[in-house]
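The block underneath contains the structure these notes are about, expressed in structure tokens.
The values are calculated or read from the model by the stated rules, or taken from the named source; none is laboratory data. Model, not experiment: these values are computed from the prediction. Methodologically, a virtual Cβ is constructed for each residue, glycine included, from the backbone with ideal geometry; neighbour enumeration extends over all protein chains shown.
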Amino acid sequence: MWYKRTIPLLLVLAFGLAGFGHDYVPHPASNAFREEVTTGFVIIGGFALFIGAYSLFHMHISRIRRKQPGWAYSIFVFLGAALMVCLGLWNDGDWMFVDPQPGVVTSFQWCYDYILVPCNATIFSILAFFIASAAFRTFRARNFSALLLLAAAVVVMFGRVPVSERVGQFLFDSPNAFAHVSEILLNYPNLAAKRAILLGVSLGVISQSLRIIFGIERTYMGGGD
Amino acid sequence: MPVPAASLKRLAMIRHVIYLLVAAAVIVPFIARLHVGDFQPGPHATKLYKKLDSLPAGTRVLLSFDFDPGSDAELTPMGLALLRHCFKKDLVPLVMTNYPAGLDLARKIMEDAVDDSQKLWGKKKVSGRDYVLLGFRPGQVNLVLKMGENLKTAFETDYYGKPTVDMRALKGVRSLKDLKLVIGISSSAWVETWIIYGADRFGFEYGAGATAVMAPDLYPFLDTGQMVGLLGGLRGAADYEALIKQRGRGTLGMSAQSAAHLLVIVLVLAANVRFVFRRLSGREKG
């Protein structure tokens, strides 16, 4: 099975080292090689869209076939996709939407502007209701740490809205009092924690990359070892 | 231990009351046309404004609108404000997206900004000459790397199908290395991607716009100087609108956002007052 295991491992090693080495070799040949390779990556990236579409349709076909709870909603995935593909392909006789002009709204764009945008925005806006409800039910100062978190959250939330300037002016004679405290919280405790997480993640990515390049980590090839 | 039916009913009622209050807090300010008045723009928005404002006319600026309609309310006002500023200063914006579902949103923002330029300053902006809508290409990180090698082979045509090779708006721009400033507006990890694979590697300055929930994650990049400025959430958009003195959807949304934030603060405080009283009376352990 050398062609299934050895060749992929050698390719990963070669391209991994080449990608790493490119940064230290400012030769035109190295740049030309990199340009060719990135073109290949972009082409391969295009196939990811087809894999994504296949995966989505496969999942919904399975839901319909097995009559899983809520299977009828899956029909709308196909209806929506078919509608948009049809409008794209046969939009005023134009092949796809290759010749749109500034200011001209095609039926494809109309569906995007007046169906997709409001639907997506509606789904996202529901979050506000859940956050308010969850904050009321779960955000409790049960101990000192929770109290600190709660106080920080309230100050940052308040400092982010313009009305805090009126309150700051009234209470402390400084319109930016809350905004200033909010910035201090974001600039120091928040930044320190985020930086620690970033450094940890980055070290993890480096070590994982080295494990993959040198063939120690092979789970991406399937088989589990 | 099963929760009593009466408690469940009361919890459901409280939840519904909260939903109604949130709906009222968001909708009423729009209907009543409540305005929060003038406010002081934040320091990170001001830095980004000053950076863009300092560029001479004709400078090419890449704007990457990496979001889809889910983040339209927060991020579209930012994109529009930035493009208005670019057109006011006669900069040449190059707009792209890494989201296939964000393509028409980018197109709409660009067309709105072109209309505004004509209406507000009488400057007619022409595609290919004064701006380019590059559109979407697949590739993610690899697309950024490819743009760093050759932008015109990464985008051989613009959104309208016009070849980019001799495009006047792209004159003098071979790759990302030839750009002074790139601004990414994102609802995902694209800000980090642009910094790691773009700004750090190809040497351009980078500014960002992000949803409010993401903005705190980006503070380390401001501190290290890897970002020249940051617009965080709808407030960031409102700040930029105040800086360019062109009110838009960001400013309009501030009254609703203020009401919603105040409501959440009041709810949290009320819940905690109730919690403390219940704890003191021995009805709740914590």
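Give the residue, chosen from B:63, B:83, B:103, that is in contact (Cβ under 8 Å) with a residue 12 or more places away in the chain, outside any strand (DSSP E or B) and buried (at least 24 other Cβ atoms within 10 Å of the Cβ).
Working: B:63 fails: outside any strand (DSSP E or B); B:103 fails: buried (at least 24 other Cβ atoms within 10 Å of the Cβ).
After applying the criteria, what remains is B:83.
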Name every residue in region B:174-190 that is of a type in the set (Lys, Arg) and in a helix (DSSP H, G or I), in order of residue number. B:177
Testing residue B:184 on (1) touching a Ser or Thr at 6+ places or on another chain (Cβ under 9 Å); (2) within 12 Å of chain A (Cβ to nearest Cβ); (3) under 29 Å from residue A:115 (Cα atoms), one condition comes back false. Which one is that? (2)
Condition check: at pLDDT 85 or above and surrounded by fewer than 11 Cβ atoms within 10 Å (Cβ to Cβ). Does residue A:66 satisfy that? yes
Going through (1) outside any loop (DSSP other than H, G, I, E, B); (2) more than 14 Å from chain A (Cβ to nearest Cβ) one by one, residue B:76 fails only at (2)
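Restrict the check to region A:187-205 and report whether at least one residue is within 30 Å of residue B:106 (Cα to Cα), in a helix (DSSP H, G or I) and at pLDDT 90 or above.
Filtering region A:187-205 for residues within 30 Å of residue B:106 (Cα to Cα) gives none.
No, there is no match, as no residue in region A:187-205 is within 30 Å of residue B:106 (Cα to Cα), in a helix (DSSP H, G or I) and at pLDDT 90 or above.
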Among the numbered criteria (1) basic (Lys, Arg); (2) surrounded by fewer than 23 Cβ atoms within 10 Å (Cβ to Cβ); (3) in contact (Cβ under 8 Å) with a residue 12 or more places away in the chain, which one does residue B:235 miss? (2)
Here's a check for you: in region B:263-286, which residue that is at the interface with chain A (Cβ under 7 Å from one of its Cβ atoms) and in a helix (DSSP H, G or I) is surrounded by the most Cβ atoms within 10 Å (Cβ to Cβ)? B:264
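Name the residue that is farthest from the other protein chains (Cβ to nearest Cβ), counting only residues in region A:107-149 that are in a helix (DSSP H, G or I) and either on the phi > 0 side of the Ramachandran plot or in contact with a Phe, Trp or Tyr (Cβ under 6 Å, 6 or more places away or on another chain) (or both).
Keep residues of region A:107-149 that are in a helix (DSSP H, G or I), which gives A:107-138, A:144-149.
Retained after the next criterion (residues that are either on the phi > 0 side of the Ramachandran plot or in contact with a Phe, Trp or Tyr (Cβ under 6 Å, 6 or more places away or on another chain) (or both)): A:108, A:129.
Working: A:108: 8, A:129: 5 Å.
Looking at residues that are in a helix (DSSP H, G or I) and either on the phi > 0 side of the Ramachandran plot or in contact with a Phe, Trp or Tyr (Cβ under 6 Å, 6 or more places away or on another chain) (or both), I get A:108.
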Counting only residues that are surrounded by 11 or more Cβ atoms within 10 Å (Cβ to Cβ) and among the β-branched types (Val, Ile, Thr), which one in region A:206-225 is nearest to residue A:13 (Cα to Cα)? A:213
For region A:157-170, enumerate the residues that are crowded, with 18+ Cβ neighbours inside 10 Å, in a helix (DSSP H, G or I) and within 9 Å of chain B (Cβ to nearest Cβ). A:157, A:158, A:163, A:164, A:165
Report, by residue number, each residue of region B:106-159 that is more than 23 Å from residue A:106 (Cβ to Cβ), in a loop (DSSP other than H, G, I, E, B) and in contact (Cβ under 8 Å) with a residue 24 or more places away in the chain. B:123, B:129, B:130, B:140, B:150
If we scan region B:204-227, do we find a residue that is in a helix (DSSP H, G or I), in contact with a Gly (Cβ under 7 Å, 6 or more places away or on another chain), more than 11 Å from every other protein chain (Cβ to nearest Cβ) and small (Gly, Ala, Ser)? no
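Condition check ((1) closer than 18 Å to residue B:141 by Cβ; (2) more than 28 Å from the chain's Cα centre (by Cα); (3) exposed (fewer than 14 other Cβ atoms within 10 Å of the Cβ); (4) not assigned by TED's automatic domain parsing to the domain that holds residue A:115) across all residues:
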{"position": "A:26", "(1), (2), (3), (4)": "no, yes, yes, yes"}
{"position": "A:60", "(1), (2), (3), (4)": "no, no, no, yes"}
{"position": "A:74", "(1), (2), (3), (4)": "no, no, no, no"}
{"position": "A:77", "(1), (2), (3), (4)": "no, no, no, no"}
{"position": "A:82", "(1), (2), (3), (4)": "no, no, yes, no"}
For region B:165-175, does any single residue satisfy the condition of being surrounded by 21 or more Cβ atoms within 10 Å (Cβ to Cβ), of a type in the set (Val, Ile, Thr), closer than 23 Å to residue A:31 by Cα and in contact with a Leu (Cβ under 9 Å, 6 or more places away or on another chain)? no
Residue under evaluation residue B:190, criteria (1) crowded, with 22+ Cβ neighbours inside 10 Å; (2) under 19 Å from residue B:57 (Cα atoms); (3) out of contact with any helix residue (DSSP H, G or I) (no Cβ under 8 Å at 6 or more places or on another chain), criterion not met: (2)
Being in contact with an Asp or Glu (Cβ under 9 Å, 6 or more places away or on another chain) and surrounded by fewer than 17 Cβ atoms within 10 Å (Cβ to Cβ) narrows B:135, B:128, B:161 down to just B:161
Considering each of B:30, B:39 in turn, give the residue that is at pLDDT below 90, within 14 Å of chain A (Cβ to nearest Cβ) and surrounded by 21 or more Cβ atoms within 10 Å (Cβ to Cβ). B:39
Which of (1) more than 13 Å from chain A (Cβ to nearest Cβ); (2) at positive phi; (3) outside any loop (DSSP other than H, G, I, E, B) is the odd one out, the single condition residue B:94 does not satisfy? (2)
Kindly evaluate residue B:121 against the criterion of being modelled with pLDDT of 95 or more and of a type in the set (Phe, Trp, Tyr). no
Surrounded by fewer than 13 Cβ atoms within 10 Å (Cβ to Cβ), of a type in the set (S, T, N, Q) and more than 9 Å from chain B (Cβ to nearest Cβ): is that true of residue A:202 in this structure? yes
